[in-house]
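As C-alpha cells, the structure follows; a few thoughts come after it.
Only the coordinates and a few stated rules stand behind these numbers; no lab work does. What you see is a predicted model; the values in this text were computed from it and never measured. So basically every Cβ, Gly included, is an ideal-geometry build from the backbone, and we count neighbours across all protein chains shown.
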Amino acid sequence: MKQEKSPYIKGLLIIIASWWIIGSIIATFCANLFSEIAVGNYLMLNSSFIPFFLSILLTFKYLLKIDPSELFTTSERSHLNSFFIGSSWLLLLSISAGLEYLIEPERFTFSANLSATIAFIPIAILVTPLQTASEELFFRAYLAKWMEYLSAKRYMIILFSGILFLAVHLLNPEIQILGNDPFIYIYYFLFGAFMMAIALLDNSFILPIIIHTVNNLFSVILVNYRGTVLDSPALFIDSHLNPLVSTITLTIGSLLTIAYLRSQKVH
C-alpha cells in the first residue's frame, strides 16, 4: 500500500525547520564558541548540519516508515568496490588539479601555515562527512523516494535533482564571483544530476555520499580556492576556480562510475 503524500510534506517542513531554525541557533552558538580559532568559520557553517542530518534520519524512520539503513545498503557491490570508487575520484581530482598547476602555476599558493593545515585535517575528516551525507540524504534520497511515490520517471528524478541542487547553491559566493561563467551553473546542475543517476543505478545512496565527501575533503584539505563558502587552511590555494575544468572532471568521473556500476550489475 502506498504512503499518503502528506508524510513527505510534513517531513519536508520538519527537516527545513530543523535546518534553518535549530541549525541557525547552533551555528550562532558555535560562531561565538570558535571565534578565536582559525577554522572557526568552517566549524560554524557545518554545525548547522547536525539537526539537518538527525531530522532527515528521524523523518525517514518514524514518519515515512523507511529504515534509514536501507538507504546505505546494496546487494550488488562490496565495500571494497566503494573504497575503490572513492579512491578513483581522489586520483581523478588530483590529476585534474595537477594539470592545472602545470599549465598555470602562478594561480596556486602554498600554505603559509603548514601546521594549521595539518591540525585541520582530522577536523575536516570528522566534520565534512556530516555535511555531505546530509545534503545527499536530503537532495537525493528524500527527493528520490518522494518522486518515486509520485510515479515519476527516472529521468525526471535525475533532472529535478540537478535543478534543485543548482537552485540551493545560487547564493554561494562562488556564484557571485563567477556568475558570468555559464559553467559554474552547469557544474552544480550536473553534480546534482549525476549523483542522483549514480544513486538510482546503484540502488543505494552511499556512493554519492562517498563521492561528495571525497570531493569536499579534497577541496578543504588539498586545493581550495579564494571566495569559497567552505574557507579552510588548505595545502594550496587556487586564486581562480576554473568551472570548465571542474565540470569536465565531474563529467569524466561520473561517466566512469556509471560505466563501472553497469559492468558490475548482477544479471
Of the listed peptides 204-210, 25-31, 175-181, 225-231, what is their order by residue-averaged count of other C-beta atoms within 10 Å, with the highest listed first?
204-210, 225-231, 25-31, 175-181
Give the Kirkwood hydrodynamic radius (Å, one decimal) of the stretch 70-264, defined as one over the mean of 1/r across all pairs of different Cα atoms.
17.4
Cross-link reach list, aspartates and glutamates versus residue 265, counting only Cα pairs under 18 Å and skipping chain neighbours closer than eight places:
76, 202
With bins of 5 Å, the percent of all Cα-Cα pairs of the stretch 165-267 per bin from 0 is 2, 12, 19, 24, 20, 12, 7, 3, 1, 0
Taking Cα atoms only, helix 79-103 is inclined relative to the longest principal axis of the chain by an angle, in degrees rounded to 10, of 40
Expressed as a whole number of Å, what is the distance separating the alpha-carbon centroids of the stretch 181-217 and the stretch 14-60?
23
Dipole in debye (nearest 20) - the chain, about Cα centre, beta carbon charges: Lys, Arg +1; Asp, Glu -1
940
Rounded to the nearest 500, the 222 nm mean residue ellipticity computed for the chain from DSSP H runs (n ≥ 4, each -39500 (n - 2.57)) alone is -21000 deg cm²/dmol
Give the angle, between 0 and 90 degrees and rounded to the nearest 10, that separates the Cα long axis of helix 182-202 from the longest principal axis of the Cα atoms of the chain.
40
